[in-house]
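Engineer: Dropping a structure here in structure tokens format, bear with me for questions.
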């Protein structure tokens, strides 16, 4: 669990303890007492001394009435209390703790509500109109009820101006935090009464008195059995202004008469003074009462220094508030919580008014509607994407088929061209065979004649180039082909023998016609 920082504000004295619970063992991590008024006076004295030093260095004379006009704006008393608290709480991460202000008069006050008004009407305007009879301003929406031993109820109210809240807020801002988390606001008297009743376990018919002695104030709290009977008025007596214990006895007798307490069976002493002299004084005045001081034997105080251990009784009130809060968490008791609504709202990360909370369901349904639409659209997008992917694959298959068709078309066209060429070539195959047959037959008969080259140019003329030893043979060859023309005959001896080279041309068309005939 998070550590609890319980701050008890009593006059100018503020007591702070840090409590945690480990393995069902309550442990006090820190315990400190800070004098708020003293810290402010110390800051003022420091500021005055600083002004005096500056004036002396500047040669300014300051008279008794403060005649010199010096700017005091730079010397403020703020921050001294916060720095003292930080020094005492060194090693404690305050922003990770939960704060519990423990209040007493004048920040909190009480009023007894008769039994006939409480019960079913505790939350109605009848109760509020009954209990609101005070001239002091207070929070009308924040009322805590506690059952008394006689069946009546004790209503607890917070004043509108609570300095303890400001101290915690100032401490948070001093440490760079917006707020510190306040989880509960406790009553000093009610928490102390609960803790003593739990600790001492009085008999049901016993009348008991709790005497808490502070530095400037003291409190008298009466119990009947283990229930609260009467809260006496706060006494302006404490260790700082007490000279004799006899003053307490007269105040106790007066409060016993006001609270209808016939006698005292038990007296518990706690606070700043729980000495043997005080206990003996109570024994002398109330000899039939069992006088004792409040012990802290079941509390782990090993983390405290020696001075804090010896003065542990002075931190009874904030420790009692911590015990009550811990018991509330474990469902052992149900105490009051006077935490104001404006502090709860200020501590929220998102601060909404009543209309803001009305908008939250609309935001939820709007988010649900938008999310549903997005999911539906996403499903449609996935379907379209799948269809696009399918059509893309189909397109690729069609393109592949088209390419195969084009290849087949090209092959068919090439086949047609080849067929035409073959047909054209086949049509003249017999003619060329006849020509070559006649030529080879003539050469075979005439040993003095041979052909070197047959040229078939793109033109319509066939050229035959060759040699002959006998010139008459050339004339006979040309005459045998009929359509040929002997272009020229040149003398070209071969190996010292007479030889003639000839060039003979034949027109293709006439050759074909002649061979057909």
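The values are calculated or read from the model by the stated rules, or taken from the named source; none is laboratory data. Here the structure is a predicted model, which means the values were calculated and not measured. Positions of Cβ are backbone-derived with ideal geometry, glycine not excepted, and every protein chain shown enters the neighbour counts.
Engineer: Could you check residue 321 against (1) at pLDDT below 90; (2) not in a loop (DSSP other than H, G, I, E, B) and say which number it fails?
Structural biologist: If we test residue 321 against (1) at pLDDT below 90; (2) not in a loop (DSSP other than H, G, I, E, B), just (1) comes out false.
Engineer: Further question on the same structure: Check whether at least one residue in the range 324-337 is part of a helix (DSSP H, G or I) and in contact with a helix residue (DSSP H, G or I) (Cβ under 6 Å, 6 or more places away or on another chain), and report yes or no.
Structural biologist: Yes: one or more hits.
Engineer: In the range 146-263, which helices (runs of 4 or more DSSP H) lie fully inside it and hold 3 or more residues that are in contact with a strand residue (DSSP E or B) (Cβ under 6 Å, 6 or more places away or on another chain) and buried (at least 22 other Cβ atoms within 10 Å of the Cβ)?
Structural biologist: Passing ranges, in order: 188-200.
Engineer: Moving on to the next point. With the condition kept exactly as written, say whether any residue in the range 283-291 is free of Cβ contacts under 8 Å to residues at least 24 places away in the same chain, under 29 Å from residue 34 (Cα atoms) and over 56 Å from the mean Cα position of the chain (by Cα).
Structural biologist: Looking through the range 283-291, none of the residues is free of Cβ contacts under 8 Å to residues at least 24 places away in the same chain, under 29 Å from residue 34 (Cα atoms) and over 56 Å from the mean Cα position of the chain (by Cα).
Engineer: Does any residue of the range 16-36 turn out to be more than 38 Å from the chain's Cα centre (by Cα) and at pLDDT 55 or above?
Structural biologist: yes
Engineer: Please pick out the residue among 225, 259, 232, 238 that is within 57 Å of the chain's Cα centre (by Cα) and under 17 Å from residue 198 (Cβ atoms).
Structural biologist: That would be 225, the only listed residue that is within 57 Å of the chain's Cα centre (by Cα) and under 17 Å from residue 198 (Cβ atoms).
Engineer: Then there is this: Can you pull out the residues in the range 264-284 that are closer than 21 Å to residue 296 by Cα and not in a helix (DSSP H, G or I)?
Structural biologist: 266, 267, 268, 269, 270, 271, 272, 273, 274, 275
Engineer: Sticking with this structure for a sec: In the list 454, 489, which residue meets the criterion of being in a strand (DSSP E or B), modelled with pLDDT of 75 or more and either buried (at least 16 other Cβ atoms within 10 Å of the Cβ) or touching a helix residue (DSSP H, G or I) at 6+ places or on another chain (Cβ under 7 Å) (or both)?
Structural biologist: 489
Engineer: Please indicate, with yes or no, whether at least one residue in the range 295-306 is within 21 Å of residue 164 (Cβ to Cβ), touching a helix residue (DSSP H, G or I) at 6+ places or on another chain (Cβ under 8 Å) and surrounded by fewer than 19 Cβ atoms within 10 Å (Cβ to Cβ).
Structural biologist: No.
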